[in-house]
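J.: Can you read through this structure? Questions will come right after.
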Amino acid sequence: MEAREGGGSEGEKSSPTSSPVSLVSNFWKDFRLEEEKSVLDEQGLRIGENQENSQKNRRKLAESTRDFKKASPEEKLSLFNSLLRSYQEEVDNLTKRAKFGENAFLNIYQKLYEAPDPYPALASISEQDLKVSEVESENRKMKVELEEFRAEASHLKNQQATIRRLEERNRQLEQQMEEKVKEIVEMKQRTLAEENQKTLEVLKDREQSLQDQLRQAKESVANMQKLHELAQTQLFELRAQSGVMLIQTPDYNLSSKSFTYLVLKLMFLLNTLLTASTLCQHNL
């Protein structure tokens, strides 16, 4: 009853709104288990010693009792008082032993009577530990995902930097290409201008040459015409001379020398006409 009353006063101090974990924690904090274990160790050793002494005393009493039973009636009278004192001493020892054990039990009982049930606290701790494990597992997964995100972000940054470098390189290449195309166009234009200039000069030279040839042809034609006119004049004169010679010689008997002269002169005139005609055709 005293233990319950003492435990009840301690229980009234606890707040009804306290959690099971805090109740158990506060109780065992005040309980000072290590100190109680030291006291219990001492009590346990003493109880062990008392049990050992009790067994020894019981064996002695058993021997004394057997001796008393074997003794003669006269000896029993002398042994009775000694045996009775031994029994009384053992009863006193057992009483002390029982009282010591009861006090030890009541002491620990009084302290543990109002101890809160640890199961709800342990169940709560176990549940919280499970939740903590789940949170830690989720946290590890999140850390892995975070590292993956960081690696991906770093990779994306590297890709963006690479893209910027490639864009800059592309811009430089486009600029170089434009400059190269412009240079090629200018070079081609210069080449075409030079070729056109050369062609123009060749054409001018050709035109000048043709004009010279045309002038020479015209001069040749004029000369041929003059030769032609001269040949015709000489031919007419030859014909006239031939007619005079025929009139003067009615028998038409010309000397061989005169005839040969006329034939040669006629052949010369014909050759001159043919040469003039050929030159005119060649020049045209």
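Where a number appears in this text, it was derived from the coordinates with a stated rule and is not lab data. Please read all numbers here as calculations on a predicted model, not as lab measurements. With ideal geometry, Cβ positions are generated from the backbone for all residues, glycine too; neighbour counts draw on all protein chains shown.
J.: In terms of the ratio Rg/(2.2 N^0.38 Å) built on C-alpha atoms, what value belongs to segment 2-116?
T.: 1.74
J.: Pop out the ³J(HN,Hα) list for segment 131-136 in order, Karplus 6.51 cos²θ - 1.76 cosθ + 1.60 with θ = phi - 60°, rounded to Hz; leave Gly and Pro as x.
T.: 5, 4, 4, 5, 5, 5
J.: Mind checking which aspartates and glutamates have their Cα closer than 17 Å to the Cα of LYS76? Skip sequence neighbours fewer than 8 apart in that chain.
T.: GLU63, ASP67
J.: Let me ask something else about it. Report the FRET efficiency, 1/(1 + (r/R0)^6), for LEU210 and LYS188, where r is their Cβ-Cβ distance and R0 is 30 Å, rounded to 0.05.
T.: The formula returns an efficiency of 0.45 here.
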